[in-house]
Structures are given as C-alpha cells and as structure tokens.
Amino acid sequence: MKYFSIISLCLFVIAGSALSFSFNQKNAPPTPIAFSVPQGWPQPVYDFKQNPVTKEGFELGRKLFYDGRLSKDGNFACASCHQQFAAFATYDHNVSHGFNNSFTRRNAPGLFNLAWQKEFMWDGGINHLDLQPLAPITDTTEMAENIDSVLNKLRADDDYKKMFRAAFGDETINTKRLTKALSQFLVMMVSANSKYDRVMRGEDSFNLPERLGYAIFQKKCASCHTPPLFTDLSYRNTGLPVDKYLDDFGRMRITRNPADSLKFKVPSLRNALLTFPYGHDGRFYSLLDVLEHYRKGVVNGPTTDSLVKNKIPLSNFEIGQLRAFIYALTDSSFIKDPRFAPPGYENRTPQAPKEHEHQYKY
C-alpha cells in the first residue's frame with residue numbers, strides 16, 4: 001500500500017508537470033524581435049517600451065495589413081493603397097481608389113522608416129503611429145468601415161483569436177491591440193540598403209553621374225531632403241497652386257493657422273523611382289516634372305517657402321545628374337523582402353514572369 005501511494009503520488013506529480021508544461025507552452029510569452037538602427041542613423045522616436053516588437057505581434061500585424069476585412073466591403077486592405085513593389089505607395093496612380101468607387105484626396109505615400117516619424121499624413125494630422133490606421137479604416141473614401149464592425153469580424157475568426165492570444169497573452173481583441181499589432185509590422189519596414197547606403201558604408205561606389213548628382217543634391221536639395229531619411233519632416237509650401245477640385249490647403253486644415261496654408265510634409269526621396277506620381281495630390285508624373293517645377297513652375301504666395309521663392313536654378317545637365325543620384329536611393333532589397341509580403345508568400349513556388357510583365361533592374 002505504501003509503495004502504491006508513492007507510485008500514485010509520482011504519477012500525479014508527473015501528470016501535473018505535464019499539464020503545467022502544456023499550459024506554459026500554450027501561453028508562452030511572445031518572441032522578441034530586435035529593432036536594428038542602421039549605421040549612422042539617429043535613434044528612432046517610436047516608443048518601443050510601450051509596444052515592443054515580437055514575432056507573434058509582427059505576424060499578426062502583417063495579416064491585418066493584408067486583410068480586406070478591415071474595409072466595409074472586404075475589397076480594400078491597407079495593402080490596396082500601399083503596394084510593396086512600389087515601396088508601399090500606390091503604383092502609377094495620382095490618388096488611390098476606395099470604397100464604392102470613391103477616390104481619395106491625396107497621393108498615398110510610401111511606407112518605410114516610420115519609426116523615425118512623430119507625425120503622419122501629408123498634413124501631420126495624426127500624431128502617433130498607433131493611431132494612424134484608424135484614419136483610413138474609417139474614412140468614407142478609403143476603407144469606409146467603423147472600428148466596432150472590424151473588431152466583430154476579427155472576433156468571429158478563430159485564427160485571429162489564436163494570433164491575438166499568442167501576441168498579447170489572451171484572446172481579447174480590441175482597438176488598442178489591433179493598432180499596436182499593425183504598428184509592430186510597420187515599424188520594421190526599414191529601408192536603408194540602397195546604393196547610396198552601401199556607398200556610405202564603404203561597400204560600393206557611385207558612378208560619375210551619381211557622384212556629380214550627389215554633389216548637386218547636397219548644394220541644392222539637402223536643406224529639405226536631409227539624409228539619412230531624405231526628409232526633414234517639416235511642412236512647407238513649395239509653390240504649388242491649390243487644386244480647385246480637391247481644395248486642399250494642407251497643414252492649415254489641422255492647425256487652423258493661415259500661416260500653414262498650402263504647407264505639406266516634405267516627402268522622403270528614398271525609393272522615389274518607385275513612388276510616382278509625386279506631390280501631395282500626385283500632380284507630377286515624373287521626376288523630370290518635379291525638377292522642372294522647382295526651376296520654372298514655382299508660384300509665389302504668402303506662405304511660399306523662402307528656399308524656393310526664387311526657384312532653384314538647375315541646368316539640364318544638373319537635372320540629369322540629380323536624377324541619376326535619386327535613382328541610387330532605390331532600395332531593391334526592401335521591395336523584395338519576404339517579411340513584408342502577404343502572409344505565406346515566402347512558402348510559394350517562384351514562377352517565371354509572364355512575357356508582358358516589366359522587369360525593373362536597378
């Protein structure tokens with residue numbers, strides 16, 4: 001009897017240990033992912049202490065980014081307007097298409113290096129990355145959904161329940177967790193491996209047009225498009241007259257200050273080869289059009305930036321060299337990175353491109 005009791009006790013302990021192990025495995029803490037700051041870059045401004053990136057949170061954010069159910073009719077995911085091959089901008093469209101055949105009011109900017117930004121949108125109307133997704137989800141010309149409806153869709157999905165539990169410890173699905181998961185995906189979109197970056201790291205060298213273009217850029221463009229982000233993140237009126245149809249006065253819409261009339265955020269020149277058309281309303285189809293504006297097309301007004309009021313003197317030769325340098329800001333590895341592709345993309349069998357598909361080489 002004594003031996004039977006000892007054996008029973010041992011079996012109970014073993015069984016209890018197994019259950020404990022199973023429970024701990026089921027609720028194992030998420031796996032941290034380190035955020036790497038590129039060599040020579042400043043520290044990011046995003047507060048990772050409030051939302052540390054984990055493998056589980058990143059994958060949840062990735063799934064959400066590509067899920068059309070975040071929109072009213074299921075047809076418009078975040079990725080609909082932010083396509084990876086276009087550096088997460090909208091390829092070849094001045095403004096994006098939205099719900100019910102609507103058009104957005106502004107050109108969709110590329111999504112990268114967001115961890116270094118305090119404000120978002122062309123007018124800075126969103127002051128935290130975790131809040132950013134709420135704007136397109138609820139905008140009637142974009143995804144046209146309401147948050148409660150989105151959350152109900154996710155709560156009805158068993159896969160999402162598992163993913164939220166893995167990322168945050170339990171199956172609670174709410175707005176805070178939704179946006180934090182998206183942020184974990186978005187902050188990891190770091191574009192820092194263009195030819196320019198390789199040159200700065202001593203791993204490559206410019207050809208002659210790129211080198212000449214870089215010198216011209218430093219003299220005539222770097223005040224606003226400051227490396228390494230290639231934007232100073234300021235808001236400026238660059239002499240673009242208001243589009244009478246869009247009636248968009250930029251930063252003034254947020255601040256209500258007439259001094260901010262027609263001021264828009266300075267866009268990054270990184271991946272500019274891929275993010276055309278250009279400007280807050282996509283009015284410039286090519287880089288040549290943009291450079292032509294700065295040398296001939298600036299329209300002065302009360303808030304036109306002093307750096308462009310007298311236009312920017314550029315010869316045809318200088319424009320050619322500048323374009324060569326801007327092309328060197330293309331990060332091919334970023335637009336092909338499988339981490340940022342749709343979930344499961346990395347497991348697909350590569351297929352040869354069709355004959356009619358363009359192949360871009362950088």
Extension reserve of the residue 75-residue 162 stretch, reckoned as 0.36 nm per residue once the Cα distance is removed: 28.9 nm
Coil-residue trypsin sites (Lys or Arg not before Pro) of segment 216-248, DSSP, other Cβ within 10 Å capped at 14: 244
Neighbour net charge for residue 144 - beta-carbon separation under 11 angstrom, K R +1, D E -1: -3
Estimated [θ] at 222 nm from DSSP helical runs (n ≥ 4, -39500 (n - 2.57)) normalised by residues in the chain, nearest 500: -10000 deg cm²/dmol
Amide H partners (placed H, <5 Å) of residue 331, local residues excluded: 271
Alpha-carbon centroid distance for the pair segment 248-279 / segment 77-138, whole angstrom: 13
Carbon plus sulfur fraction of accessible area for segment 195-330, probe 1.4 Å, in percent: 56
Amide H partners (placed H, <5 Å) of residue 103, local residues excluded: 98
For residue 281, distant residues with modelled amide H under 5 Å away: 107
Accessible area (Å², per residue) of the chain, counting only protein heavy atoms and a probe of 1.4 Å: 54
Cα gyration tensor category, rounded, prolate or oblate, for segment 223-315 with a/c compared to 1.5: rounded
DSSP loop GluC sites (Glu not before Pro) with at most 15 other Cβ within 10 Å: longest gap in the chain: 1-170
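The values are calculated or read from the model by the stated rules, or taken from the named source; none is laboratory data. If you're wondering where the values come from, they're calculated on a predicted model, not measured in any experiment. Positions of Cβ are generated from backbone atoms using ideal geometry, with glycine treated the same way; all protein chains shown enter the neighbour counts. Each accessible area value is taken on the protein alone, full model and side chains, heavy atoms only, with ligands, DNA and RNA left out. Shrake-Rupley method; radii C 1.70, N 1.55, O 1.52, S 1.80 Å.
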